[in-house]
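Asks: Sharing a structure here in structure tokens format.
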Amino acid sequence: MPKAFAQLELSNEFGITAGPVIMQTDYGERHHLPSSTPTSFGLAAVHYLSFYGSNYNWRNGASYFSDHFKLKTEVSYYFNNSLEHKGRYVADGSRNSELAELRAMKGKTKSLNIGTALEYYFKNLEDYGLLFNDDDRFAPYISVGIQYNMFNPELTSDLGDWTTNPSVLPEKWQDQVYVGKQDGFSMTMSAGTRYKLDNFDLVLDGRWQYFFTDKYDGLDSKKDASSKFNDTLIYFSIGVVFDMEIFGSKYY
């Protein structure tokens, strides 16, 4: 009786990335980036899983999926210490009551994020991974993913304690503040590239992240049309990724 043979091989990579976070929230004008200053920052630990052998044999070679896709898992931390209202109307120095109240508002937020993403590489990953292949050092990719976010926004006002005197805030925010520990989900879309060095890869990535909530910054007014969009951010990161030893398992 002939033997059935199948082989599954997995390639594991681990790395760390870091870079600036640019947020678009209810602080600032609509479509105005950023509503935070460059002090916003992100840090992530990442793991990549590549699949080999699911449709592999010496005649046909690897499958298209294994040649072009990686599964990325990530634990990241964002912190932003300088959310503030920006834009030409707030910056004009007017003594208008609402504008003064907007200028006085200051926010902070931080979040712990756990998620996964599927990366598609335009080049063949088998060719890119060859040790002596100096012609394919760049490996550009795009990706889409989902994250679970645990965030903790804060709010202060230069005009006084808004918790005891809500009138220091603009009217639309006086009973629409959501500070403290919260959670939710978000969607990510990224584009970037790897650059192969002798012992590790450099990774340059630009991510757009859409939160399925408008409370990531602690503000969510139902009274005003200017607050009808959920919060988003852009995360530019650079990092290093180390390729671990390939391991496999066989079934007969």
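The values are calculated or read from the model by the stated rules, or taken from the named source; none is laboratory data. All figures in this text were calculated on a predicted structure; none of them were measured in a lab. All Cβ positions, glycine included, derive from the backbone under ideal geometry; neighbour counts span all protein chains shown.
Asks: Exactly one condition in (1) farther than 21 Å from His85 by Cβ; (2) at pLDDT below 95 is not met by Ile234; state its number.
Replies: The one condition Ile234 does not meet is (1).
Asks: Would you pick out the residues in the range 1-23 that are touching a Phe, Trp or Tyr at 6+ places or on another chain (Cβ under 9 Å) and either at pLDDT below 85 or of a type in the set (Phe, Trp, Tyr) (or both)?
Replies: Lys3, Ala4, Phe5, Ala6, Gln7, Leu8, Glu9, Leu10, Ser11, Phe14
Asks: Separate question: Residues in the range 226-236: is at least one assigned to a helix (DSSP H, G or I), of a type outside the set (A, V, I, L, M) and surrounded by 17 or more Cβ atoms within 10 Å (Cβ to Cβ)?
Replies: Within the range 226-236, one or more residues are assigned to a helix (DSSP H, G or I), of a type outside the set (A, V, I, L, M) and surrounded by 17 or more Cβ atoms within 10 Å (Cβ to Cβ).
Asks: Another one. Is it fair to say Tyr52 is modelled with pLDDT under 70, aromatic (Phe, Trp, Tyr) and crowded, with 17+ Cβ neighbours inside 10 Å? Steps first, answer last, please.
Replies: Numbers: modelled with pLDDT under 70: yes; aromatic (Phe, Trp, Tyr): yes; crowded, with 17+ Cβ neighbours inside 10 Å: yes.
Yes, satisfied.
Asks: Output the residues belonging to the range 96-118 that are without any contact (Cβ under 8 Å) to a residue 12 or more places away in the chain and over 10 Å from Pro170 (Cβ atoms).
Replies: First, pick out the residues of the range 96-118 that are without any contact (Cβ under 8 Å) to a residue 12 or more places away in the chain: 96-97, 99.
Residue satisfying the conditions is Asn96 alone.
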